[in-house]
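Participant: The structure under discussion is supplied below as C-alpha cells; questions concerning it will follow.
The values are calculated or read from the model by the stated rules, or taken from the named source; none is laboratory data. All figures in this text were calculated on a predicted structure; none of them were measured in a lab. Neighbour counts are summed over all protein chains in view; Cβ atoms, including those assigned to glycine, are modelled from backbone coordinates with ideal geometry.
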Amino acid sequence: MDESVFTIQYSLLMKNQRNTIFEEYAEILANVSHEGDQCIMRLKAPKTAKTAKPGQFVHIRVSDALPLRRPISIMLTNPRQGTIDLLYKKIGEGTEQLGQRKKGEVIPMLGPIGVPFDLSDTSKRYVLIGGGVGVPPMVFVADVLAQKVDLVLFAGSEVPFPFALKPSTFMLPGIAGNTTLTISSLEERGIACRLASNAGLYGCYEGHVPDLVKDYLSALSEEERGRCVLLSCGPHPMLHAVAKLGREFGIPAQLSLEEYMACGIGGCAGCVVKTIEDGQEKYKRVCVDGPVFDAEQLPEFA
C-alpha cells in the first residue's frame with residue numbers, strides 16, 4: 001500500500017472510531033495454554049476482526065456464573081477469515097474460568113472498544129515496547145505496520161514467552177551480542193524484535209525491557225531519535241519507565257493503560273484517570289477515552 005494512502009485511511013479511521021462498539025457472539029476456535037498461566041484464544045468474530053485497530057480491546061463474559069465482563073487486549077486480527085487472537089493470563093477467578101472454555105463454545109463479547117494508537121505518520125520510526133499482557137497490542141501494531149513503516153519491537157516477560165522464538169538475523173544498534181532471540185512470526189515478516197526477561201531466559205536481555213530500549217535509543221544518532229515515537233503497553237511501573245525515556249530523549253510516547261473495568265463502555269466511570277489538557281485537569285475514562293493516551297497528558301507519568 002502506498003504510504004500516503006495508508007496515512008489518509010488511518011487518519012479517517014481515527015476520526016471515526018467513536019460509536020463503533022457492538023455485541024458479538026464469538027465462537028471459540030482454540031484456547032491453548034502456555035507456561036506461566038498464559039493462554040492464547042482464537043475467536044470467530046467477523047465484525048470485530050474487520051473493524052478493530054491496534055490498542056483496542058474486547059470485553060468478554062467469561063462464564064454465565066460471572067456477570068461482569070473482563071477486558072482483554074486484541075493481539076491479532078484476520079479480517080479475511082473473520083478471526084481475532086487474544087493473549088491473557090490466568091490471574092483471577094474470571095480469567096481462570098476463561099481458561100476452561102472449550103473449542104466450539106460461544107461467548108458474548110463487546111468490542112472493539114477504546115481509542116487506538118495513532119499510527120498515521122509514516123515518516124516516523126515506531127518503537128514498540130510491551131510488557132507481560134501488554135505485549136499483545138504491540139504485536140497487533142507490528143502486524144498492521146509491517147512493510148509500511150520503519151519499526152522495531154521490544155517485549156519483556158517474567159515467564160516464558162508464549163510464542164515460537166528464534167535467533168534474529170536483524171542487527172540492532174546498542175543491543176548486546178547475547179541478546180539474540182526474537183518472536184519467529186515477526187522475524188518472518190521482516191520485523192526487528194528483541195526480548196527482555198528477569199527470569200534467566202536464554203537469548204534474552206537480562207533485565208527490564210525499558211532498560212533494553214534505552215540501550216537501543218542511546219546508540220541512535222540525534223537525527224534517528226528525532227524520527228522515533230514510543231508506543232507502549234504494560235504494567236504501570238514499566239509505563240513510568242517508558243515515559244521517563246521519552247522525556248530523557250525528547251521522544252513522544254503513547255501509553256496504553258491497564259485498569260480494572262466494570263462496564264467497559266464508559267457508563268460507570270469506574271476507570272477514570274487524571275489528564276492535563278490545555279493546562280486544565282480533566283478526568284478521562286480509560287475504557288473509551290483511552291486506553292491510549294499521550295504520555296504528556298498523564299500527570300501520573302510526568
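Participant: Cβ-Cβ under 7 Å, sequence separation 6+ or interchain: first residue in the stretch 253-272 and surrounded by fewer than 17 Cβ atoms within 10 Å (Cβ to Cβ), partner not in a strand (DSSP E or B) and not hydrophobic (A, V, I, L, M, F, W, C). Which pairs?
Facilitator: What qualifies is A262/G270.
Participant: Looking only at helices (runs of 4 or more DSSP H) that lie completely in the stretch 203-253, which have at least 2 residues being touching a Lys or Arg at 6+ places or on another chain (Cβ under 7 Å), over 29 Å from V286 (Cβ atoms) and outside the structural domain of I129 (by TED's automatic domain parsing)?
Facilitator: No helices (runs of 4 or more DSSP H) qualify here.
Participant: If you take the residues in the stretch 138-152 that are of a type in the set (D, E, K, R) and touching a helix residue (DSSP H, G or I) at 6+ places or on another chain (Cβ under 9 Å), which one is farthest from G226 (Cα to Cα)?
Facilitator: Ranking the candidates gives D143 first.
Participant: Let me ask something else. What number goes with the only condition from (1) under 30 Å from V288 (Cβ atoms); (2) in contact with a Cys (Cβ under 8 Å, 6 or more places away or on another chain); (3) not acidic (D, E) that A146 does not pass?
Facilitator: Among (1) under 30 Å from V288 (Cβ atoms); (2) in contact with a Cys (Cβ under 8 Å, 6 or more places away or on another chain); (3) not acidic (D, E), A146 violates only (2).
Participant: Would you mind listing the strands (runs of 3 or more DSSP E) fully within the stretch 38-90 where at least 3 residues are out of contact with any helix residue (DSSP H, G or I) (no Cβ under 8 Å at 6 or more places or on another chain) and touching a residue at least 24 places away in the same chain (Cβ under 8 Å)? Can you show your working first?
Facilitator: Details: elements: 38-44, 57-60, 70-78, 83-89.
In the stretch 38-90, the matching strands (runs of 3 or more DSSP E) lie at 38-44.
Participant: Please work out which residue is farthest from the chain's Cα centre (by Cα), limiting yourself to the stretch 210-230 and to residues that are hydrophobic (A, V, I, L, M, F, W, C) and closer than 11 Å to G246 by Cβ. It would help to see each step written out before you state the result.
Facilitator: Of all residues in the stretch 210-230, those hydrophobic (A, V, I, L, M, F, W, C) come to 212-213, 217, 219-220, 228-230.
With closer than 11 Å to G246 by Cβ added as a condition, the list becomes 213, 217, 228-230.
Values: V213: 16, L217: 20, C228: 18, V229: 15, L230: 12 Å.
Checking each candidate, the answer is L217.
Participant: Something else: Name the pairs: first residue in the stretch 135-163 and more than 21 Å from H208 (Cα to Cα), second residue in a loop (DSSP other than H, G, I, E, B) and among the aliphatic types (A, V, I, L, M), Cβ to Cβ under 6 Å, at least 6 apart or on different chains?
Facilitator: That search, which allows pairs on different chains as well, returns A146/I191.
Participant: Let me ask you something else. So, in the stretch 209-243, how many residues would count as being under 13 Å from G132 (Cβ atoms) and of a type in the set (D, E)?
Facilitator: Here the count works out to 0.
Participant: Could you tell me whether G104 is in contact with a strand residue (DSSP E or B) (Cβ under 9 Å, 6 or more places away or on another chain) and modelled with pLDDT of 95 or more?
Facilitator: yes
Participant: Which is within 23 Å of Y88 (Cβ to Cβ) and buried (at least 20 other Cβ atoms within 10 Å of the Cβ), of C204, C228? Steps first, please.
Facilitator: Values: C228 fails: within 23 Å of Y88 (Cβ to Cβ).
One residue alone meets the criteria, C204.
Participant: Would you check which residues across the stretch 72-97 are more than 13 Å from the chain's Cα centre (by Cα), at pLDDT 95 or above and of a type in the set (A, V, I, L, M) and list them?
Facilitator: Across the stretch 72-97, the qualifying residue is only I84.
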